[in-house]
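For reference, the structure discussed in these notes is given below.
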Amino acid sequence: MLLISAAALVVGLISTLAAYALTWLISVITHLAFYQHWSALPATPQGHHLGVWVIIVPVIGAVIIGLMARFGSEKIRGHGIPEALEAILLGRSFIQLKVALLKPLSAAISIGTGGPFGAEGPIIMTGGALGSLFAQRFSLSPAERKTLLVAGAAAGMTAIFSTPVAAVLLAVELLLFEWKPRSFIPVVTAVSVAAVFRVFILGSGPVFPTLPHATASGTEMACAALVGLLVGFGAGLLTLLVYGFEDLFQKLPLHWMWWPAIGALVVGIGGVFEPRVLGVGYEAIHSLLRGEIVGSAVLGLLLAKALVWSAALGSGTSGGVLAPLLIMGSSIGAALAPWLHAGDAGMWALVGMTAMMSGSMRCPFTAMLFGAELTSDYHLLPALMLGSVVSFGVNVLLMKRSILTEKLSRRGQHITCEYSIDPFEFTRVQDVMDTTPPTVPAHLPLREYAARIASAEDVLNKRQATLLLDDHNRLTGIITRGDVIRALQHPEADSLTVAGIGSRHLIVTYPAEPLHTALARMLEHNIGRLPVVDPAAPAQVLGYLGRAAILSARLRFHHEEKIHPKG
């Protein structure tokens, strides 16, 4: 853990520099594409003077991305986070160098030419790739690679949004699939490094500073639940819309390389009518959180952003989902503000923003801390929590999968992001062991033992192995059916006893041991059963643990989860 934490220091710094490089590149491409001059200062497409010719800018960027995906790596297509999930769960945390280079470049081209995406998904994928490459360079294990991959991803998110706590929670809720010191501590290490160095290269303070609100009243808490409810339905509709467009693109008689250009055409047309849909949209988010966009303007932004983003993302181009979700969630919250008669438009925009992130991505803890850290409006945490959890609950009931895991499901990879304790961890050997183990005297002749196995009435017929006891009923060995088959082919089989062919090098378990420990011992030694002995008297047999007993623990857990008692 200490060595991986030391490595995470380096990964955190590298990921922070990668985040800076990505934001710099987005700014440069935005200036070139919309203003035709070189500059690295922050810029948005909204002030362009291209008129209707703005339509071709996203198309040109999308054609370049299509070529990069076809002749570079197809893995640059998509959101970023699903690809990181796929690498962790199915690819043993291996990410190629060309993906680490092409993913941020393609995302910068996409966003810089007006694509309605955020930078967080690509930087999560890029930071993860850098962590994976670092681990590969030093020949670390798959578990260690996973830890550094996630550390890089969380550090990248911290560098972009200055949300270190939310980044750690995102790692836990969506990427690590475990809560263990061996992974949690290195991730926090990398995130802490990113939080410190971000101040020097990207600035300090919240990304969207707003006037703080007072702690929500009872009425405002009820309104937060209502906003979460409606945003939860909106999150489900957005997921359906994105994958509905993806299904439409799948039916086109064109190579997928050209699909991003078609999606970008929708983006360009949308940009003519509503320029705020172009680009990453941080300014629109900030305006919504300050209550500066109200009335029909909010609805126009919501509908236009939902349409162009869904079309572009469904086309398979490169770009993140988080910033667009924040815009649409805050738009719903701001649109509901006049009907709530409590709080203000900025407050409900923030609740809607976090609820949208929670419902669509299914990360409620990350979402509520993310909203608070983005704005430094920590007094609203209870309201953010309630809105996020209600939205999360609605989406879980409505949709089989989140907007992230649905992508993987369509590739035939079904992933659950729910956490639960392994029943093998809290079940003890004594809870499932056979307390009447099959035993025979160690001096029993082999032929007689074989005859007893062949007898349908004998208890030995039901077990793959038998424990051997001496004259004082002390454990001396174990014999399996495989041992018997091999011994019966021996020329002197008639003179052999079970003690002569059984194993005396015993691997045992103890009644109070967790079943997980016993199972790990079986796997380590490639055996299918263990004698259960008294730890104070290792020769005293207390039971027998086989595969069937282990599976019974899983069956009992299933019954407790799924089966209701009658009456």
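Bear in mind these aren't lab numbers, they're just calculated from the coordinates by the rules spelled out. Here the structure is a predicted model, which is why all the values come from computation and not from measurement. Neighbour counts run over all protein chains shown; Cβ positions are idealised from the backbone, glycine included.
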Quiz prompt | segment 294-391: relative contact order in percent, alpha carbon pairs under 8 Å with at least 6 residues between | solution = 23 percent
Self-check item: Gain on full stretching of the segment that runs from Gln46 to Asp247 - 0.36 nm per residue minus C-alpha separation
Solution: 69.3 nm
Practice problem: Please go through the residue pairs Lys103/Lys251; Lys98/Lys180; Lys180/Lys407; Lys103/Lys407; Lys180/Lys400 and name each one whose alpha carbons sit more than 24 Å apart in this structure. | Solution: Lys103/Lys251; Lys98/Lys180; Lys180/Lys407; Lys180/Lys400
Exercise. List the extent of the Cα atoms of segment 177-317 along each of their three principal axes, largest first, rounded to whole Å.
Key: 50, 43, 32
Self-check item: Gain upon complete extension [Trp24, Lys98; 0.36 nm per residue less C-alpha separation]
Solution: 24.6 nm
Self-check item: Å³ per residue enclosed by the Cα convex hull of segment 242-369
Solution: 105 Å³
Exercise. Please identify which residues in segment 514-529 have an amide N closer than 15 Å to a label point set 7 Å out from the Cα of Gln464, following the Cα→Cβ vector.
Key: 519-529
Quiz item: Points 7 angstrom from Cα along the Cβ direction at Arg504 and Glu178: gap in nanometres?
Solution: 3.9 nm
Quiz item: Where in segment 519-545 does the label zone of Asn473 land, with the point 7 angstrom along Cα→C-beta and an amide N cut-off under 13 Å?
Solution: 540-543
Self-check item: Positive minus negative residues near Pro260 (Lys, Arg vs Asp, Glu; Cβ under 15 Å)
Solution: +2
Quiz item: Which net charge results for the neighbourhood of Arg447, defined as the other residues with beta-carbon distances under 13 angstrom from its beta-carbon, given Lys and Arg at +1 and Asp and Glu at -1?
Solution: -2
Self-check item: Modelled FRET efficiency - R0 30 Å, Arg486 with Ala512, Cβ distances, 0.05 increments
Solution: 0.30
Exercise. Quick one: grab the alpha carbon gyration tensor of segment 312-355, order the square roots of its eigenvalues as a ≥ b ≥ c, and give me rounded if a/c is under 1.5, else prolate or oblate depending on whether a/b is larger than b/c.
Key: prolate
Exercise. Answer rounded, prolate or oblate for segment 195-252, using the Cα gyration tensor with square roots of eigenvalues a ≥ b ≥ c: rounded when a/c is under 1.5, else prolate when a/b is larger than b/c, else oblate.
Key: oblate
Quiz item: So how do 476-485, 169-178 stack up, highest first, on mean other-Cβ count within 10 Å?
Solution: 169-178, 476-485
Exercise. Name the aspartates and glutamates eligible as straight-distance cross-link partners of Lys75: C-alpha to C-alpha under 20 Å, and not fewer than 8 places from it in the same chain.
Key: Glu83, Glu86, Glu120, Glu246, Asp247, Glu406
Practice problem: Return the ratio Rg/(2.2 N^0.38 Å) for segment 473-566, where Rg is computed over Cα atoms only. | Solution: 1.38
Quiz prompt | Segments 424-436, 258-270 sorted - mean Cβ within 10 Å per residue, highest first | solution = 258-270, 424-436
Quiz prompt | Read-out mean projected area of the Cα convex hull in nm², derived from the coordinates shown; its label in (1) 30.4; (2) 27.6; (3) 34.4 | solution = (3)
Quiz item: If contacts are Cα pairs under 8 angstrom and at least 6 residues apart, what is the relative contact order of the chain in percent?
Solution: 15 percent
Quiz item: Once the other residues with Cβ under 15 Å from the Cβ of Asp344 are scored (Lys, Arg +1; Asp, Glu -1), what is the net sum?
Solution: -2
Practice problem: Highest first, please rank the peptides 147-156, 382-391, 543-552, 353-362 by the mean number of other Cβ atoms sitting within 10 Å of their residues. | Solution: 147-156, 353-362, 382-391, 543-552
Quiz item: To the nearest 10 degrees, how steep is helix 364-375 against the longest Cα principal axis of the chain, on a 0 to 90 scale?
Solution: 30 degrees
Quiz prompt | Sparse-neighbourhood loop sites, GluC sites (Glu not before Pro) in segment 475-567 - DSSP loop, at most 13 other Cβ within 10 angstrom | solution = Glu492
Practice problem: Provide the gained length on full extension for the span Gln540 to Ile527, in nm with one decimal, where the gain is 0.36 nm per separating residue minus the Cα-Cα distance. | Solution: 2.6 nm
